[in-house]
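The values are calculated or read from the model by the stated rules, or taken from the named source; none is laboratory data. Computed from a predicted model, the values in this text were never measured in an experiment. Cβ: placed from backbone, ideal geometry, glycine included. Neighbour counts: every protein chain shown. When the accessible area is computed, the model is the full protein with side chains, heavy atoms only, and any ligands, DNA or RNA have been set aside. Shrake-Rupley method; radii C 1.70, N 1.55, O 1.52, S 1.80 Å.
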Amino acid sequence: QVQLVESGGGLVQAGGSLRLSCAASGSIFRIGSMAWYRQVLGKQRESVARINIGGSTNYADSVTGRFTISRDNAKNTVYLQMNSLKPEDTGVYYCNVQTTRGSNWGQGTQVTVSS
């Protein structure tokens, strides 16, 4: 079983920054891609950013140029640096980690951007 612990969410004014972290532990045999998703109440969970095992990344159009995903393989941790935050970035952010045993989700961390 894989446990994912997220941190770094909070309340920030528009234009501000936050850094999310997600650390994986437990029965990790091999971590593949790592990603961040977000969900707004009443809407589907959407992909925000993904980083593959080789380090290649892709981003949702809405966050390109403002968010940066990175990973520390030695610490089994994925990060999301969020700059120039907008009110529409508000939501619950979930990390997702793919391992040889399947897909794993974090518990979610709330990000609220005030105007």
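Considering only residues that are free of Cβ contacts under 8 Å to residues at least 60 places away in the same chain and either small (Gly, Ala, Ser) or assigned to a strand (DSSP E or B) (or both), which ones fall in the stretch 33-49?
Looking only at the stretch 33-49, we keep the residues that are free of Cβ contacts under 8 Å to residues at least 60 places away in the same chain, and these are 37, 40-49.
If the condition is that a residue be free of Cβ contacts under 8 Å to residues at least 60 places away in the same chain and either small (Gly, Ala, Ser) or assigned to a strand (DSSP E or B) (or both), then 37, 42, 46, 47, 48, 49 are the ones that fit.
Restricting to the stretch 1-20, give me the number of residues that are surrounded by fewer than 17 Cβ atoms within 10 Å (Cβ to Cβ) and part of a strand (DSSP E or B).
Qualifying residue count for the region: 7.
Taking the condition in a loop (DSSP other than H, G, I, E, B), touching a residue at least 12 places away in the same chain (Cβ under 8 Å) and either among the polar types (S, T, N, Q) or under 23 Å from residue 12 (Cα atoms) (or both), does residue 63 pass?
Working: in a loop (DSSP other than H, G, I, E, B): yes; touching a residue at least 12 places away in the same chain (Cβ under 8 Å): yes; either among the polar types (S, T, N, Q) or under 23 Å from residue 12 (Cα atoms) (or both): yes.
So residue 63 fits the description; yes.
For the stretch 50-60, which residues satisfy the criterion of being in contact with a strand residue (DSSP E or B) (Cβ under 7 Å, 6 or more places away or on another chain) and either touching a residue at least 40 places away in the same chain (Cβ under 8 Å) or outside any strand (DSSP E or B) (or both)? Outline the logic, then answer.
We begin by selecting, within the stretch 50-60, every residue in contact with a strand residue (DSSP E or B) (Cβ under 7 Å, 6 or more places away or on another chain); these are 50-53, 57-60.
Matches in the stretch 50-60: 52, 53, 60.
Quick one: how many residues across the stretch 63-73 are under 17 Å from residue 18 (Cβ atoms) and surrounded by 14 or more Cβ atoms within 10 Å (Cβ to Cβ)?
Count: 6.
Those residues that are under 18 Å from residue 71 (Cα atoms) and open to solvent by 30 Å² or more (accessible area, probe 1.4 Å), I need them from the stretch 21-54; list them, please.
Selection gives 23, 25, 26, 28, 29, 30, 37, 47, 50, 52, 53, 54.
For the stretch 75-105, name all the residues that are open to solvent by less than 60 Å² (accessible area, probe 1.4 Å), touching a Phe, Trp or Tyr at 6+ places or on another chain (Cβ under 7 Å) and at pLDDT below 95.
99
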